[in-house]
Protein chains: 2
Amino acid sequence: MSIDATLRERAARVVPGGMYGHLNAALHGPGYPQFFVGGRGCRQIDADGREYVDLMCSWGPVVLGHRHPAVEAAVAASLATGDCLNGPGPVYVELAELMVETVPQADWVMFSKNGTDATTQALMVARAATGRTKVLVAHGSYHGADPWCTPSPSGTTPNERADLVEYVYNDLASAHEAAAGAEGDVAAIIVTPFKHDSFEDQELADPAFALGLRALADRIGAALVIDDVRGGWRLDLGGSWEPLGVRPDLYAFSKAMANGHPIAAVTGVDALRGPAQTIYSTGSFWFNAAPMAAAKATIETLRDIGGVALMERAGVRLREGLAAQAASHGFTVSQTGPAQIPWLSFEGDATLEKGVFWASACLQEGVYLHPWHNWFLSAAHTDADIDRALQGTDAAFARLRAEFGAD
Amino acid sequence: MSIDATLRERAARVVPGGMYGHLNAALHGPGYPQFFVGGRGCRQIDADGREYVDLMCSWGPVVLGHRHPAVEAAVAASLATGDCLNGPGPVYVELAELMVETVPQADWVMFSKNGTDATTQALMVARAATGRTKVLVAHGSYHGADPWCTPSPSGTTPNERADLVEYVYNDLASAHEAAAGAEGDVAAIIVTPFKHDSFEDQELADPAFALGLRALADRIGAALVIDDVRGGWRLDLGGSWEPLGVRPDLYAFSKAMANGHPIAAVTGVDALRGPAQTIYSTGSFWFNAAPMAAAKATIETLRDIGGVALMERAGVRLREGLAAQAASHGFTVSQTGPAQIPWLSFEGDATLEKGVFWASACLQEGVYLHPWHNWFLSAAHTDADIDRALQGTDAAFARLRAEFGAD
């Protein structure tokens, strides 16, 4: 029996179902390992010692590659003096200053631990500022796993979601309708920087939609909140809608902010500084110094090495390679989303039968990607790493053709 | 200008109010430093280099003392191979097994990051199991800082709290009334292991109240949830109501579980294993290996050194010393709560004027404690440390008498 199987058997006795949440291998497809023991750069090693070129980056957090020396040195130095103390360390101020300097929208920052903490905190600030209750959310968008936003209704109550009003991503008219239906009670409009819903092709934000949401928020006096938990620090260090020229009132960040160390943040504009002071939002480990030191080192490194451009370059190389391979094997595929956070689907594969087969085949060829969740590139993915990944994906396309035939 | 003042000035520009949450020094009293740079055992050092005997333990997390070698070695080993990966490491299984072995109530475990994650997750499991919505909560009890439970209403909506029904701590009849009022729709009764509300004397749980809540939950088919975030791992490693012979359906743990590293957990009974599998609850860093390695080392160390007894011994020594000092200086004080998580108040001091003065005086004498929030002892507090603390508290009582006169 493999080590992974042995660990799963033990886990099933002491954790419901053995595993839960987004890293539950039972959700990914056949053959995915559940347990991992190591990472180095863009490679990960599972419990049975198999090494993969990693195209998931731990579902986003790892943006500079595993065990990045500058980040780990900052963490080690922090742990060596004191991490969880009776107040934050100087690094709290330094990180906040760095973020205000890096994100043009940001006049201030508040830190927390989970992406869900940041989205929830942003809505609290918006509600405190407006005295209103409703929040416009795009149908199907993921904003975290608290009862108000978790994609599964089990264990949640109708009241916990009663303050949400849905619109359709990239459909400005639907947002106007949602606002009109909420009759002057809209505290916030929350939106992801691009549509990254699972199980379907991604969509970049239509610039007119982004500008239109900004104008709508201004007109009705609501806060525009960008949930940049997934996109943040990969698309633009200034915030993912900075290239569109659209600045929200509140950004929610997490995932890639500290290269895998646990931290999240909300940045806000001056007008919301006062309301932000009225909410009570905190956590036992929110002011730990080590993850803040990691975040500071991560953001500085991304800035200094031009991390976004490196990720984009890797993503474009991957996309072009996959396009050529799909064509040569006779498959029609869609590659959607930003190059740094890509996804590939097969034409006419609504059941994901081909996608799941192909992803599992990639896994067997030493390439870890996902059949129904977007992937993530890191600044550690060199041309050689992408070429190694493309060797695996090519073999996987060949296996797919042997199983299903060409389109 | 002090380093602390300089940092505060900078922080005020980039964080709303400069600081927020439970570690906001503006809430503690005059003279409290905001910024800390180091910890060693039961001592902490502020940004200006002043060292304190620490009786707050970072508001609970630090249970073995800062920079405990076994914990930090486990963390370092984990970071050196891989921390935030595409799945948990073997330590996830080892920690879950250790918790099931250590907590007699526990048949299974689910991990998260914040204490609030654990209390929220516990209620989700209870609701998934019962298909009901209401939760009975004691008036004034702190269960975290999400909108459903944060002590300040700012930024929350009525709907977010509409599923809560209040009872009075240690008043079983009030819990029966609350249950009757919720008409068969009670999913859970949540309770802290002792009453540790801020600004007032603590109360241990009346054993009849604890047994009565258990019987009530059984009779109405609701889950009994003990929020052991604050008490856990200090009162009894098996869970804080284990000495009372009362086992809940769900325990929520966090704070002291990993000696300051960020992790939380829910433990549950077999009957809730299936419902727990139906909820979707996750976070980007919930499966990081390093905090799990820290938790495993912390729990094993607490077990091996008899950590609870050490903390109790330190707490009793402190309490006896304070009682003698108060009497000798002519003050009537209440010392309430478990010895390991104590608090002291002055008779007739409803405005906390004396308490705040005395706590600030302690601070000036090198003893860090709190005027209106309970304190925390750790296994690192030796007799000599307590005696050093008592030197400071004695001087503070003398100053209090000089300022206010004896009772």
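Residue count for the range A:160-180 under the criterion of being touching a Ser or Thr at 6+ places or on another chain (Cβ under 7 Å) and open to solvent by 30 Å² or more (accessible area, probe 1.4 Å): the result is 1. Residues in the range A:118-135: is at least one open to solvent by 10 Å² or more (accessible area, probe 1.4 Å), over 17 Å from B:Glu160 (Cβ atoms) and over 22 Å from the mean Cα position of the chain (by Cα)? No: zero hits.
A quick yes/no check of all residues on (1) within 16 Å of the chain's Cα centre (by Cα); (2) more than 25 Å from A:Glu353 (Cβ to Cβ):
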| site | (1), (2) |
| --- | --- |
| A:Gly18 | no, yes |
| A:Ala25 | no, no |
| A:His28 | no, no |
| A:Gly60 | yes, yes |
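Of all residues in the range B:51-63, none are open to solvent by less than 50 Å² (accessible area, probe 1.4 Å), closer than 30 Å to A:Asp270 by Cα, at the interface with another protein chain (Cβ under 7 Å from one of its Cβ atoms) and in a loop (DSSP other than H, G, I, E, B). Scanning the range B:30-42 for residues that are more than 9 Å from chain A (Cβ to nearest Cβ) and buried (at least 19 other Cβ atoms within 10 Å of the Cβ) yields B:Gly41, B:Cys42.
Among residues of the range A:75-94 that are closer than 16 Å to B:Gly17 by Cα, those with a beta-carbon under 8 Å from a residue that is open to solvent by less than 20 Å² (accessible area, probe 1.4 Å) and of a type in the set (S, T, N, Q) at least six positions away or on a different chain give the pairs A:Gly87/B:Gln34; A:Pro88/B:Gln34. B:Ala297: modelled with pLDDT of 95 or more and not assigned by TED's automatic domain parsing to the domain that holds B:Met257, yes or no? In short, no.
Filtering B:Ala11, B:Ala80, B:Ala74 for residues that are in the same structural domain as B:Asn259 (by TED's automatic domain parsing) and surrounded by fewer than 24 Cβ atoms within 10 Å (Cβ to Cβ) leaves a single hit, B:Ala80. Pairing each residue of the range A:169-191 that is within 18 Å of A:Tyr142 (Cβ to Cβ) with any residue that is of a type in the set (D, E, K, R) and open to solvent by 10 Å² or more (accessible area, probe 1.4 Å), provided the two are 6+ apart or on different chains, yields C-beta distances under 7 Å for A:Tyr169/A:Lys195; A:Tyr169/A:Glu203; A:Asn170/A:Lys195; A:Asn170/A:Glu203; A:Asn170/A:Asp206. Of the strands (runs of 3 or more DSSP E) that lie entirely inside the range B:98-172, those containing 1 or more residues that are within 25 Å of A:Lys134 (Cβ to Cβ) span B:134-138, B:164-167. Among the residues that make up the range A:243-251, is at least one of them part of a strand (DSSP E or B), more than 11 Å from chain B (Cβ to nearest Cβ) and under 30 Å from A:Pro69 (Cα atoms)? Scanning the range A:243-251, I find at least one residue that is part of a strand (DSSP E or B), more than 11 Å from chain B (Cβ to nearest Cβ) and under 30 Å from A:Pro69 (Cα atoms), so the answer is yes. Being open to solvent by 10 Å² or more (accessible area, probe 1.4 Å), more than 14 Å from every other protein chain (Cβ to nearest Cβ), under 26 Å from A:Ala256 (Cα atoms) and under 24 Å from the mean Cα position of the chain (by Cα) is a description that does not apply to A:Thr393. The selection criterion, being open to solvent by 10 Å² or more (accessible area, probe 1.4 Å) and at pLDDT below 95, holds for A:Ala406.
Of all residues in the range B:102-120, one or more are touching a Lys or Arg at 6+ places or on another chain (Cβ under 6 Å), more than 9 Å from every other protein chain (Cβ to nearest Cβ) and over 23 Å from A:Thr116 (Cα atoms).
You will find that of B:Ala294, B:Ala379, B:Ala309, B:Ala339, the residue that is more than 30 Å from B:Ala96 (Cβ to Cβ) and small (Gly, Ala, Ser) is B:Ala339 and no other. A search for C-beta distances below 8 Å between a residue of the range A:1-24 that is touching a residue at least 24 places away in the same chain (Cβ under 8 Å) and any residue that is open to solvent by less than 10 Å² (accessible area, probe 1.4 Å) and in a helix (DSSP H, G or I), counting only pairs 6+ apart in sequence or on different chains, returns A:Leu7/B:Val93. Residue count for the range A:18-29 satisfying the condition of being more than 7 Å from chain B (Cβ to nearest Cβ) and either crowded, with 17+ Cβ neighbours inside 10 Å or under 15 Å from A:Ala145 (Cβ atoms) (or both): 6. Annotation note: Cβ proximity below 9 Å between a residue of the range B:361-383 that is in contact (Cβ under 8 Å) with a residue 24 or more places away in the chain and a residue that is of a type in the set (Asp, Glu) and part of a loop (DSSP other than H, G, I, E, B) (sequence gap 6+ or interchain) occurs for B:Trp372/B:Glu200. For the range B:364-381, the count of residues that are open to solvent by less than 20 Å² (accessible area, probe 1.4 Å), under 30 Å from B:Ala70 (Cα atoms), touching a His at 6+ places or on another chain (Cβ under 7 Å) and not assigned by TED's automatic domain parsing to the domain that holds B:Thr192 is at least one. Annotation: of all residues in the range A:64-88 being within 22 Å of B:Ala74 (Cβ to Cβ) and in a loop (DSSP other than H, G, I, E, B), the one that is farthest from the other protein chains (Cβ to nearest Cβ) is A:His68.
One residue stands out among those in the range A:275-307 that are touching a residue at least 24 places away in the same chain (Cβ under 8 Å) and surrounded by fewer than 20 Cβ atoms within 10 Å (Cβ to Cβ): the one that is nearest to the other protein chains (Cβ to nearest Cβ), which is A:Thr278. Taking the listed residues A:Gly144, A:Gly140, A:Gly115, the one that is in the same structural domain as A:Val186 (by TED's automatic domain parsing), of a type outside the set (A, V, I, L, M, F, W, C) and open to solvent by 30 Å² or more (accessible area, probe 1.4 Å) is A:Gly140, with no other qualifying.
For the condition farther than 14 Å from A:Leu55 by Cα, of a type outside the set (Gly, Ala, Ser) and assigned by TED's automatic domain parsing to the domain that holds A:Leu390, A:Gln340 does not qualify. One residue alone among A:Thr156, A:Thr192 is modelled with pLDDT of 95 or more, open to solvent by 10 Å² or more (accessible area, probe 1.4 Å) and among the hydroxyl-bearing types (Ser, Thr, Tyr), and that residue is A:Thr156.
Just to be sure, is B:Gly21 modelled with pLDDT of 95 or more, of a type in the set (Gly, Ala, Ser), within 22 Å of B:Ser254 (Cα to Cα) and not assigned by TED's automatic domain parsing to the domain that holds B:Thr298? When the stated conditions are applied, B:Gly21 passes them. Listed by first and then second residue, the pairs linking a residue in the range B:388-405 that is in contact (Cβ under 8 Å) with a residue 60 or more places away in the chain to a residue that is of a type in the set (Gly, Ala, Ser), with Cβ atoms under 7 Å apart and 6 or more places separating them unless they lie on different chains, are B:Leu390/B:Gly321; B:Gly392/B:Gly366; B:Phe397/B:Ala326; B:Leu400/B:Ala361; B:Arg401/B:Gly330.
Considering only residues of the range B:1-17 that are assigned to a loop (DSSP other than H, G, I, E, B) and more than 9 Å from chain A (Cβ to nearest Cβ), which is nearest to B:Gly49 (Cα to Cα)? The selected residue is B:Ser2.
The values are calculated or read from the model by the stated rules, or taken from the named source; none is laboratory data. The structure displayed is predicted, hence computed values, not measured ones. Backbone-built Cβ (ideal geometry, glycine too); neighbour counts: all protein chains shown. Surface accessibility is based on the protein's heavy atoms, side chains included, excluding ligands, DNA and RNA. Shrake-Rupley method; radii C 1.70, N 1.55, O 1.52, S 1.80 Å.
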